[in-house]
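J.: Before I ask anything, let me first share the structure, which is written out below as structure tokens.
The numbers here are math on the coordinates, done by the rules we state, and not lab data. Remember, predicted model here, so these are calculated numbers, not experimental data. Note: ideal-geometry Cβ built from the backbone for every residue, glycine included; neighbour counts use all protein chains shown.
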């Protein structure tokens, strides 16, 4: 823990620096390119993000041992590294979807906001200090509130933005209260120092339990876990589709990153408390999400409820509290990123063409655009956990971790839910494949690129597991010492 | 030639199948080609059987012309065939009747090709039963023969063929289920299906290490009855006979000939080949019951035949009556084991099988001849046919007399032997059987009277005389009936040696 | 380095399927030709696997192994034993004939044949898998082709309901098994999915008894075990012809095969503990399935329920846990696969021409389509367990096995045989013989491709029926290994 100047410290935040620079560039270009921004700004953002991802891989790789930097504000470890890549990928694809999206691409701020929230997420995943963490969360959230309500002409969008803001603000406040409790107990804001203090066992378990509860509330909002999920369906439906996709993937992943880090680092001694809490939340999320998804007629609402349920599956991995479970959750998030982005991407295409996101609008898609149908097939089946798509391995890992840690009931709950979920995924698939055809829908080149990247991601994660599982494992290992 | 002599049985067995397969490639509208193909294909096994008969050494014990080849090695079942005197007689009967039945079928006009193919496959099925020296193989052929017969009845049969064929099939399959289970049980216990091994070991089995919860004796008794019921249905023994009148009546003429001539023998053969050697103790215990069933078959068969007004049904019931004597002889042997009387009874039974094959085939054929012309089989509709068809009349009279057991014709010899052999062993049953014999005379004479004699029904004034082809069919049968009646030694010699060796 | 024949078998259809999806949709004949070419190649390769399997040597052959996820002990590990080799052949046969009888598919043939290829890859992958993870991977690969093929090309009235029912049933089944498989993985302490290694993991008795039902039941659902069979008739009836063939002919075997491979072979003591329960359920399958088949009025439902009945015999064979029973079960899997493929293909041929499957509205079709009728009759005889056909060869040892395990089951289950005989004979007579209804007087004969398919399948059943040594010794060699596991554990 050295406060001295060390160039490697700046290398470690090179991606974040890159994001700030890129955000600035977009702002400037927005002013310069009045008429061309719709076409080029998105590409530049996406390209820039790809470069940043390259920089992150090349220069910002953590060493074998986690390292606290900037006075313990950040922790240079594999968790941060992997999640940063998740966010960068998510932002890249989202930026590509925004190109040719009339509501979004005409305003350059869209990309700036997107980049700033990505920056926030990136810092969330690496924060090792409560203050840093809270700042990062807010840096992430505030741009997202704006993005959700980005299309001010559209009442739904505005409503989504406000709803998101209200919910977010409230849960942030509760979380902050939890943080203050923690500081009160420990006298430090250093996450990794707190664990040792709690381990000494001088603080009343009731108080600890309460602080766990409060802290978790804020994260549960981010991951849209029950009972802090209420915002999700309305926001997803109302927000611009690419933003909804971004919210459901990158933002959720960020929430999981901090949830896992805080739980494992601050409360390693209180596993029995938070495991139960997380398991209950997982169960509730899965059941509620899946059962409500069954009834949806709008695909964005359906995907919203599905994403609540997906959070539940990922929570199974967290609830196991084991290395395998955490690795599973990370892998799941990785796969889920591509999967849900593709799903929302296809919705984006349909919405652009027919101005509707009702499931009915998908009827006959396979006769119009067989490739889009296949993409949706891959996305839906990946969500359903069917090989050879990414979701299969993620599910296998989290269910496996539940069994490994002796929580067979949780795996069985997961299975029951997988069945319910498969029902509505397949129903959508049926609509896509049945029905009369017509003229193919237009798919802009940037969307094509984004969708292909997504599909490749789904397939690669669904077939070639080893390297990505290796990352997930490292991410899990660097969070905590599992014993 | 060497190949032929070493694989004689296999050739006899599979030449019909090979011919049937080749027939698939013949054009289906060249009806005459198909008919002659089938006829010649059935003559070859007959010729080979004559060769077999010539080469067969009656004095030699055990099975001859045996062949063994790997078949279902995993279960220790092999393709093992061979003949002794009993089976040789049956093989002869089968290969003899087949060409005649096919010749009879020359009047089939519809779908000749499948008909002939089925007939040839049927021959393989029946021959296989008589030749098999492996229990599993036996069962395979036992069941396989059902399929062509089912289709022959169902496709070329009379008005009520659907009902009759289904009944025939389900009855026989149902009857075989017990046999199947018992065979499985034996296979599990002994670990082999080879009959020579089983004859040796199965009767000696004293402990069965299966979770049956029953004593060995009980298990064996149940298995015994499983065998008996399967064979009794086929014979058929009262009260398992109800499929027979329907099937025989509805089958096409040639089908009835084979059904009565050969298929029924399969059941009786099963008794001789399997039940008696495998279950000597149980057979002895239950011989009385068997004799009772046999007598019931004799008497009820005759009475039922007497009550019929359908000519074909009458002949069908007569089969039950005649086969009853076979079973009576078997029951006697079961009770007495290896005594001279029992040997005589079994000799009679085997010869009765052969004789009934001849006469029943002949009778069904002659019924078919008149049916083809009159399109009715109602005895009350006939009358005075003799005046229109004297040749037919005399042939019918001759065959009926053979069936009735007139001395000098074959039926007498065998029935006499059965009764002679059974009398000292089962006196009451034999005496009752004699009463049945009386009824036999009654129904046959009734039929003859109603068909041939009396005033001519004017409807039949234009009936054609029996044709040359038809005479060609009945002649060999008639010659044999007379031949065995006058000089039975040629065939009894073969049978007797085998019987003496076995019982 | 030997030729990686199993990998080629598994990935050839997968790659063909992907290639097909990228072909122009209007080149229908080309798409069909490519599919037929691939299917022929699959048949050829599967026949090579079958015939070049060294029975004398036994064990797992054609082994290939590659690391997949070493951190978790997952590898790409394929090989076949004496039980799997006939299954591979079965899959090849049904794929080939399935493509042949699907030549008439005119609605989106590209997707149809591509999905069919995926399904083929899935089943071949399961039969070849020696790695538990890989087995599940390929097992679940079949989910979406199954579902989509039923709801897209199935019979319009019931396809949505039946397709969903079938898919969910099977998915739940596989997930339940997955839980059991994961328990095996963690419980073994070996951290490997390698099934050969897991065979000798030495699980405790309590563990085996606890987890066997999970693994078995999950796969058992796919093989139609009572009372979880109802997806099978519904699904098979609603599916298009080729998929009915693949589902009933191969997929149900996949379930049974996996139940044997994972549940019985990895948890033998558990199997012994639960074998009585399985016997009871499977016996209900046999008898009850046959009774229900007897009262169906829809041609295809008769066959659908007959599968339930016959698969019961396979499970009975497994549950005997002795040599004869297992040999019989292996043979029955093959025999029933070929038989039911033949059945469904003929049902499809009839339906395509008559446009009805109501038995009451059919009749006299022998004259119109003799080859199809012949095929159906052969299938019927196999189904009845008639000697001389493969069904007998399979059922006989099963019953021999049952005698040693539970004689009363033999006596009850044999009832299924006579009921089967009844419904088969009735269906054959009502559909193919008797009067030809007015409306059907001008229907045509089946195509030459249909004939090739029918004759091929029929000929195989007869060949195996007459020469059991074509297949029985191979299965026996596989059973040797299983018995060693049963005895050694």
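J.: For a Förster distance of 41 Å, can you work out the FRET efficiency between the beta-carbons of residue A:463 and residue C:280, rounded to the nearest 0.05? Provide the component values of the computation, followed by the final result.
T.: Values: r = 41 Å, r/R0 = 1.01.
Efficiency, rounded to the nearest 0.05: 0.50.
J.: For a footprinting-style exposure proxy, rank B:126, B:257 by other Cβ within 10 Å, fewest first.
T.: On the way: B:126 32, B:257 29.
So the ranking, lowest neighbour count to highest, is B:257, B:126.
J.: Next up: Pop a pseudo-label 7 angstrom from the Cα along the beta-carbon direction at both residue B:40 and residue A:448 and give the gap in nm to one decimal.
T.: It is 7.2 nm.
J.: At a Förster radius of 25 Å, what calculated FRET efficiency corresponds to the Cβ-Cβ distance of residue B:378 and residue C:426, to the nearest 0.05? Mind showing how you got there, number by number?
T.: On the way: r = 31 Å, r/R0 = 1.23.
The computed FRET efficiency comes out at 0.20.
J.: In vacuo Debye scattering of chain C, one point per C-alpha: log10 I(q)/I(0) at q = 0.08 Å⁻¹?
T.: Summing over Cα pairs of chain C leads to -0.42.
J.: Give, as ranges by residue number, the residues of the range C:6-35 whose backbone N falls under 17 Å from the point 7 Å along Cα→Cβ of residue C:65.
T.: C:6-7
J.: Going by C-beta contacts inside 10 Å, put C:382, B:31 in order with the fewest on the left. Walk me through the numbers on the way to the answer.
T.: Numbers: C:382 32, B:31 17.
Placing the least packed residue first, the sequence is B:31, C:382.
J.: Now for a separate question. List the relative contact order of chain C as a percent without decimals, with contacts defined as Cα pairs under 8 Å and 6+ residues apart. If you can, show how the numbers build up before the last one.
T.: Details: 922 pairs, mean separation 76.0, N = 489.
Computed value for chain C: 16 percent relative contact order.
J.: Return the Rg/Rh ratio of the range B:268-315 with Cα-based radii and a Kirkwood Rh.
T.: Values: Rg = 14.8 Å, Rh = 12.5 Å.
Rg divided by Rh gives 1.18.
J.: Residues of the range C:344-377 with the amide nitrogen closer than 18 Å to a label point 7 Å from the Cα of residue C:157, along Cα-to-Cβ, please.
T.: Under 18 Å, as judged by backbone N against the label point of residue C:157, lie C:347-363 of the range C:344-377.
J.: Would you mind checking the tilt of helix B:161-190 against the longest principal axis of the Cα atoms of chain B, expressed as 0 to 90 degrees and rounded to 10?
T.: Between the helix axis and the principal axis of chain B, the angle is about 20 degrees.
J.: Please state, rounded to one decimal and in Å, the Kirkwood hydrodynamic radius that the range B:1-155 gives when every pair of distinct Cα atoms enters the mean of 1/r.
T.: On the way: mean 1/r = 0.0624 Å⁻¹.
Here the Kirkwood hydrodynamic radius works out to 16.0 Å.
J.: I'd like the distance separating the alpha-carbon centroids of the range C:133-150 and the range B:345-417, in whole Å.
T.: 68 Å
J.: Calculate the translational D of the protein assembly as shown in whole µm² s⁻¹ from Stokes-Einstein, where the hydrodynamic radius comes from the Kirkwood formula applied to all Cα pairs, the temperature is 25 °C and the viscosity 0.890 mPa s.
T.: Numbers: Rh = 36.0 Å.
Value of D from the Cα-based Kirkwood radius: 68 µm²/s.
J.: Oh, and also: Determine one quarter of the surface area of the Cα convex hull of the range B:301-426, which equals its mean projected area, and express it in nm² to one decimal. If you can, show how the numbers build up before the last one.
T.: Numbers: hull surface 30.8 nm².
About 7.7 nm², averaged over all directions.
J.: Before anything else, pin down the relative contact order of chain A: Cα pairs under 8 Å, at least 6 apart, normalised by residue count, whole percent. Working shown, then result.
T.: Working: 889 pairs, mean separation 74.7, N = 483.
Rounded, it is 15 percent for chain A.
J.: Distances longer than 16 Å among the Cα atoms of the range C:110-175: what percent of all pairs is that?
T.: Working: 1032 of 2145 pairs.
Within the range C:110-175, distances greater than 16 Å cover 48 percent of Cα pairs.
J.: While we're on this one: Angle check, please: helix C:205-222 long axis (alpha carbons) against the longest principal axis of chain C (alpha carbons), in degrees 0 to 90, nearest 10.
T.: Roughly 20 degrees, rounded to the nearest 10.
J.: Next up: Using a simple spin-label model with points 7 Å from Cα along the Cα→Cβ vector, what separation in nm is obtained for residue B:25 and residue C:435?
T.: 4.1 nm
J.: With runs of 4+ DSSP H residues as the only contributors, calculate the mean residue ellipticity of chain B at 222 nm using -39,500 (n - 2.57) per run, divided by the residue total and rounded to the nearest 500. Mind showing how you got there, number by number?
T.: Details: 22 runs with 364 residues, N = 503.
Rounded to the nearest 500, the figure is -24000 deg cm²/dmol.
J.: Roughly how many whole Å is it from the C-alpha centroid of the range A:163-201 to that of the range A:315-355?
T.: 27 Å
J.: For chain A, would you read off the P(r) tail past 29 Å as a percentage of all alpha carbon pairs?
T.: Taking all Cα-Cα pairs of chain A, the fraction more than 29 Å apart is 44 percent.
J.: A further question follows. With the radius of gyration and the Kirkwood radius both derived from the Cα set of chain B, what is their ratio Rg to Rh? Mind dumping the intermediate values first?
T.: On the way: Rg = 21.7 Å, Rh = 22.6 Å.
Looking at chain B, the ratio lands at 0.96.
J.: If you line up the Cα atoms of the range A:277-390 on their principal axes, what length do they span on each, largest first, in Å?
T.: 46, 27, 19
J.: Still on this structure, please answer the following. Within 10 Å of each residue's Cβ, count the other Cβ atoms and sort B:215, A:446, A:141, A:307 from fewest upward.
T.: Values: B:215 11, A:446 21, A:141 25, A:307 30.
The order, fewest Cβ neighbours first, is B:215, A:446, A:141, A:307.
J.: What's the FRET efficiency of residue B:475 with residue A:436 using the Cβ-Cβ distance as r and R₀ = 60 Å, to the nearest 0.05?
T.: On the way: r = 76 Å, r/R0 = 1.27.
Once the sixth-power term is evaluated, E becomes 0.20.
J.: Treating the angle as unsigned and between 0 and 90°, give the value, to the nearest 10°, between the Cα long axis of helix B:311-336 and the longest Cα principal axis of chain B.
T.: 30 degrees
J.: As a test of the formula, what do you get for chain C when each DSSP H run with n ≥ 4 contributes -39,500 (n - 2.57) and the sum is divided by the residue count, at 222 nm and rounded to the nearest 500 deg cm²/dmol? Please list the in-between numbers first.
T.: On the way: 21 runs with 353 residues, N = 489.
After summing the helix terms and dividing by the residues of chain C, the value is -24000 deg cm²/dmol.
J.: Along the Cα→Cβ direction, 7 angstrom out, place labels at residue C:191 and residue B:57. What is the inter-label distance in nm?
T.: Reported label-point gap for residue C:191 and residue B:57 is 7.7 nm.
J.: Here's another thing I want to ask about it. If eta is 1.306 mPa s and T is 10 °C, what Stokes-Einstein diffusion coefficient results for the range A:427-483, Kirkwood Rh from Cα pairs, in µm²/s? It would help to have the intermediate numbers written out before the result.
T.: Values: Rh = 15.2 Å.
The Stokes-Einstein estimate is 105 µm²/s.
J.: Right, next: Going 7 Å from the Cα of residue C:443 in the Cα-to-Cβ direction, what parts of the range C:283-312 have a backbone nitrogen less than 20 Å from that spot?
T.: Hits in the range C:283-312 for residue C:443 at 20 Å: C:296-305.
J.: Just to confirm my numbers, what's the Cα centroid distance between the range A:405-464 and the range A:262-294 in Å?
T.: If you average the Cα positions of each part, the centres end up 24 Å apart.
J.: Any number yet on Rg/Rh for the range C:383-489, C-alpha, Kirkwood? Walk me through the intermediate numbers first.
T.: On the way: Rg = 19.3 Å, Rh = 17.2 Å.
Using only Cα positions, Rg/Rh for the range C:383-489 is 1.12.
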